[in-house]
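Trainee: Have a look at this one.
The values are calculated or read from the model by the stated rules, or taken from the named source; none is laboratory data. What you see is a predicted model, and the numbers here were worked out from it, not measured in a lab. Methodologically, a virtual Cβ is constructed for each residue, glycine included, from the backbone with ideal geometry; neighbour enumeration extends over all protein chains shown.
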Amino acid sequence: MRDKTMTADEVAGRLRSGMTVGIGGWGARRKPMALVRALLRSPVTDLTVISCGGPDVGLLAAAGRIRRLVTPFVTLDSVLLEPHYRAAREGGTLALTEIDEAMFLWGLTAAANRLPFLPVRTGIGSDVMRINPELRTVTSPYEDGEVFVAAPALRMDAALVHLNRADRRGNAQYLGPDPYFDDLFCEAADDAYVSCERLVEDFAAAVPQTLLVSRHSVTGVAEIPGGAHFTSCVPDHDTDERFLRMYAATPWEEFAGRFLQGDEDDYRTAVRAWRQEGRP
């Protein structure tokens, strides 16, 4: 079997401006933040980003890398609305396609199964249809004649996800309470890149239901312990809540100048220095 291991910067080097990129995780939970930081070190821009948004969206939006965002929400969980995303949205620097969570799920499912759309009841009679006039409805061909929203497939050029464990072939395991659609992101993309807390040799002793991502849908694997920081990756680590709140309260230029000026090692050094200061 082919060894698919690569570095975060090698992953970013495979992305191109104008791509549609999906980012796994959920809010401030198990986001592939090291891969996002590598993307920020690259010249890639003009992206369509598909995400259950958290600080991944906040970083990319503040840096001006997003042309269009497709999302059901953008939150830091304990901070309800991601502030850097909010600033970008209020400043009109990105276009937004905001859809219901169920439509998002079925859009990913349609893309994973190479279908153009899937019918959903969600959205009928709601403002989702008003703010997304490009959405269409379909009528059941059977005697019930029910009208559904045709949730469009959310196809991607590339997907970025972070899992607890992975092997060199691209199989990956989650150990926390929720898959966060990461398997669907990988299956809905032309290329998928998995960062993980730790590489393992095999999953012979693993509970089968935890083996979320299969190698057939994975292009590359990067071992990055702490690669979800400052989001959670339970049980390996929780959200760095103090850092998260500092991020949310800090102007973008100040945050980027201190924490995003070098590589991942420089980021970790800056985080350690910040902790030693003991600021609230």
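Trainee: Checking Glu143 against (1) at pLDDT 95 or above; (2) within 30 Å of Ala34 (Cα to Cα), only one condition comes out false. Which one?
Mentor: Tallying (1) at pLDDT 95 or above; (2) within 30 Å of Ala34 (Cα to Cα), Glu143 fails exactly one: (2).
Trainee: Here's something else I'd like to know. Where in segment 165-280 are the strands (runs of 3 or more DSSP E), entirely inside, with at least 3 residues that are at pLDDT 95 or above and touching an Asp or Glu at 6+ places or on another chain (Cβ under 9 Å)? Break it down into steps so the answer makes sense when it comes.
Mentor: On the way: elements: 189-199, 211-213, 220-223.
Per the criteria, 189-199, 220-223.
Trainee: Hey, another quick one. Residues to consider are Ala62, Ala34, Ala87, Ala102; find the one that is touching a His at 6+ places or on another chain (Cβ under 9 Å), over 18 Å from Ala159 (Cβ atoms) and not polar (S, T, N, Q).
Mentor: Ala62
Trainee: Something else: Just to be sure I understand the filter: pairs with C-beta atoms under 7 Å, separated by 6 or more residues or on different chains, first member in segment 239-254 and in the same structural domain as Ala88 (by TED's automatic domain parsing), second member among the aromatic types (Phe, Trp, Tyr) and crowded, with 16+ Cβ neighbours inside 10 Å. Which pairs pass?
Mentor: Between residues of segment 239-254 that are in the same structural domain as Ala88 (by TED's automatic domain parsing) and residues that are among the aromatic types (Phe, Trp, Tyr) and crowded, with 16+ Cβ neighbours inside 10 Å, the close pairs are Thr239/Phe230; Asp240/Phe230; Phe243/Phe230; Leu244/Phe230; Tyr247/Phe230; Tyr247/Phe255.
Trainee: Given the options Asp77, Asp56, Asp3, name the one that is in contact (Cβ under 8 Å) with a residue 12 or more places away in the chain, part of a loop (DSSP other than H, G, I, E, B) and under 22 Å from Asp178 (Cα atoms).
Mentor: Numbers: Asp56 fails: part of a loop (DSSP other than H, G, I, E, B); Asp3 fails: under 22 Å from Asp178 (Cα atoms).
Selected residue: Asp77, the only one of Asp77, Asp56, Asp3 that is in contact (Cβ under 8 Å) with a residue 12 or more places away in the chain, part of a loop (DSSP other than H, G, I, E, B) and under 22 Å from Asp178 (Cα atoms).
Trainee: Can you tell me which residue in segment 133-186 is surrounded by the most Cβ atoms within 10 Å (Cβ to Cβ), limited to those that are among the aromatic types (Phe, Trp, Tyr) and on the phi < 0 side of the Ramachandran plot? Spell out the reasoning first.
Mentor: Let us first name the residues in segment 133-186 that are among the aromatic types (Phe, Trp, Tyr), namely 142, 148, 174, 180-181, 185.
From what is left, the residues that are on the phi < 0 side of the Ramachandran plot are 142, 148, 174, 185.
Numbers: Tyr142: 7, Phe148: 18, Tyr174: 24, Phe185: 29.
Ranking the qualifying residues of segment 133-186, first place goes to Phe185.
Trainee: Right, another one. Taking Ala273 and the conditions (1) outside the structural domain of Val57 (by TED's automatic domain parsing); (2) in contact with a His (Cβ under 8 Å, 6 or more places away or on another chain), which numbered condition does it fall short on, given that it satisfies the others?
Mentor: All conditions pass for Ala273, except number (2).
Trainee: Starting from segment 172-185, take each residue that is within 16 Å of Ala110 (Cα to Cα) and list its partners that are assigned to a helix (DSSP H, G or I), counting only C-beta distances under 7 angstrom and pairs at least six apart or across chains.
Mentor: Phe181/Leu105; Phe181/Leu108; Leu184/Leu108; Leu184/Thr109; Leu184/Ala112; Phe185/Leu108
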